[in-house]
Amino acid sequence: MPNPPRNHHFVPQHFLKAWQHENGRIYRYRRLPSSGAIEIKSVAIKHTASIQDLYRLDFADGGFEVESSFITPMIDEAGHKIIEKARGSSVQDWELGDRRQLANTLTLMEARHPDILKAMDVRQELELFRKEMKDGQRSSHRSIDEVIDYLKASSSLGVLSLLLLAQNEQVPLIDEAFSDCLAAANMREYSWEPPCLLASDYPPSRWGHYLKDLLLIIAIAPGKGLVYSSDPNVTVYDRLKPHTRARLINLYTLAKARTAYYIDDTQGEFVDTHLGWANDRTTLKEQQEYVTNFLMGEDAWDLECLD
């Protein structure tokens, strides 16, 4: 492209527009580094949850962006359609093909996040790959060195991993597709009127591995949330009072986030208390205790559902 896009969104604009309070604007909640206070400000969605050149591949002999050539056509276009369908219909009644497309969209929504791109940067593993390839006599040592050295010179291998992951999610030739496991998980969907769910810059809150002990919670609109789990006891969410269930989903939405979004400026106290709570609680035990303590402070359970 003669003028390729440089402002690359890791939370799709179409996703955040469900929380807009006026055309193209959303309330952003973030903690100010200087004071630690929560700033609440109306901002333009087109400049929200984005980083310049995030989806750019750079190598020693040149580079190019893949947002317009891959992210938008391969992820966002299908993702926009299936998220809109999920917002307006019962996902539990869908056929497998649509449920898998939604699972694919949610899986890649997490995979495209800057933190995950950083985790998928395999440069630290390249020397091990070099040794394994040479030990396996898969090619000439000179050719192996040329490929490994070429890759080591790049600072954007996380983006390359994202492309490979996205292709494997569509056609799982490398390994089992994570989205297949998500689509096969037990799923609950909940709606609220009036709307009460937050969004964040880390929308899918996932715990465990996609292939084992999975829990994934996401608000797909201010008035609708989805809970996926490999545990059939996920129906315990049905027993929560609707108000507490919404607050619990909001708690998970904020878990790994640095920024939150909402339809108005009324969520400051909750966001201030819980924004990014999982980022400094690195063990599962600490994280479970945080959620348990939160529920203990709530009038949580619908006694009629417990009968």
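The values are calculated or read from the model by the stated rules, or taken from the named source; none is laboratory data. Worth saying up front: this structure is predicted, and the values here are computed from it rather than measured. Every residue, glycine as well, gets a Cβ built from its backbone with ideal geometry; the counts of neighbours run over all protein chains shown. Ligands, DNA and RNA are stripped out before the accessible areas are found, and what is left, the full protein with its side chains, is counted by its heavy atoms. Shrake-Rupley method; radii C 1.70, N 1.55, O 1.52, S 1.80 Å.
Any residue at all in segment 98-113 that's free of Cβ contacts under 8 Å to residues at least 60 places away in the same chain, assigned to a helix (DSSP H, G or I), over 20 Å from Glu77 (Cα atoms) and under 21 Å from the mean Cα position of the chain (by Cα)? Among the residues of segment 98-113, not one is free of Cβ contacts under 8 Å to residues at least 60 places away in the same chain, assigned to a helix (DSSP H, G or I), over 20 Å from Glu77 (Cα atoms) and under 21 Å from the mean Cα position of the chain (by Cα), which makes the answer no. Looking across segment 189-205, just one residue is among the acidic types (Asp, Glu) and in contact with a helix residue (DSSP H, G or I) (Cβ under 6 Å, 6 or more places away or on another chain), and that is Glu189.
Can you tell me which residues in segment 50-60 are part of a loop (DSSP other than H, G, I, E, B) and either in contact with a Lys or Arg (Cβ under 7 Å, 6 or more places away or on another chain) or modelled with pLDDT of 85 or more (or both)? Show your work before the answer.
Initially, segment 50-60 is screened for residues part of a loop (DSSP other than H, G, I, E, B), giving 53-55, 60.
Scanning segment 50-60 gives Asp53, Leu54, Tyr55.
Taken over segment 14-50, the residue count meeting the criterion of being within 22 Å of Ala221 (Cβ to Cβ), of a type in the set (A, V, I, L, M) and open to solvent by less than 40 Å² (accessible area, probe 1.4 Å) is 7. Residue pairs whose Cβ atoms lie under 8 Å apart, sitting 6 or more positions apart in sequence or on different chains, and linking a residue in segment 14-40 that is over 30 Å from Glu84 (Cβ atoms) to a partner that is in a loop (DSSP other than H, G, I, E, B), are Arg31/Ala37; Arg31/Arg258; Arg31/Leu275; Arg31/Gly276; Ile38/Leu32; Ile38/Leu275; Glu39/Leu32.
Within segment 56-69, the residues that satisfy the criterion of being among the acidic types (Asp, Glu) and open to solvent by 40 Å² or more (accessible area, probe 1.4 Å) are Asp58, Asp61. Asp53 meets the conditions (1) open to solvent by less than 60 Å² (accessible area, probe 1.4 Å); (2) in contact with a helix residue (DSSP H, G or I) (Cβ under 6 Å, 6 or more places away or on another chain) in every case but one. The failed one is (2).
Inside segment 261-283, residues that are in a strand (DSSP E or B) and free of Cβ contacts under 8 Å to residues at least 12 places away in the same chain make up a count of 0.
When the residues of segment 132-156 are filtered to those that are within 19 Å of Phe70 (Cβ to Cβ) and among the small types (Gly, Ala, Ser), the one that is surrounded by the fewest Cβ atoms within 10 Å (Cβ to Cβ) is Ser155.
Tell me, please, whether a residue that is under 29 Å from Trp207 (Cα atoms), assigned to a loop (DSSP other than H, G, I, E, B) and under 22 Å from the mean Cα position of the chain (by Cα) can be found in segment 22-42.
no
Residues that are open to solvent by 70 Å² or more (accessible area, probe 1.4 Å), modelled with pLDDT of 70 or more and not aromatic (Phe, Trp, Tyr) within segment 293-307 comprise Asn293, Met296, Asp299, listed in sequence order.
Does at least one position in segment 70-81 carry a residue that is of a type outside the set (Gly, Ala, Ser), touching a strand residue (DSSP E or B) at 6+ places or on another chain (Cβ under 8 Å) and surrounded by fewer than 14 Cβ atoms within 10 Å (Cβ to Cβ)? Taking every residue of segment 70-81 in turn, none turns out to be of a type outside the set (Gly, Ala, Ser), touching a strand residue (DSSP E or B) at 6+ places or on another chain (Cβ under 8 Å) and surrounded by fewer than 14 Cβ atoms within 10 Å (Cβ to Cβ). Condition check: among the hydrophobic types (A, V, I, L, M, F, W, C), crowded, with 20+ Cβ neighbours inside 10 Å and closer than 30 Å to Ser191 by Cα. Does Leu108 satisfy that? Against the criterion (among the hydrophobic types (A, V, I, L, M, F, W, C), crowded, with 20+ Cβ neighbours inside 10 Å and closer than 30 Å to Ser191 by Cα), Leu108 qualifies.
Taken together, Asp149, Asp145 contain a single residue that is farther than 30 Å from Ala49 by Cβ, part of a helix (DSSP H, G or I) and either of a type in the set (Val, Ile, Thr) or without any contact (Cβ under 8 Å) to a residue 12 or more places away in the chain (or both), which is Asp149.
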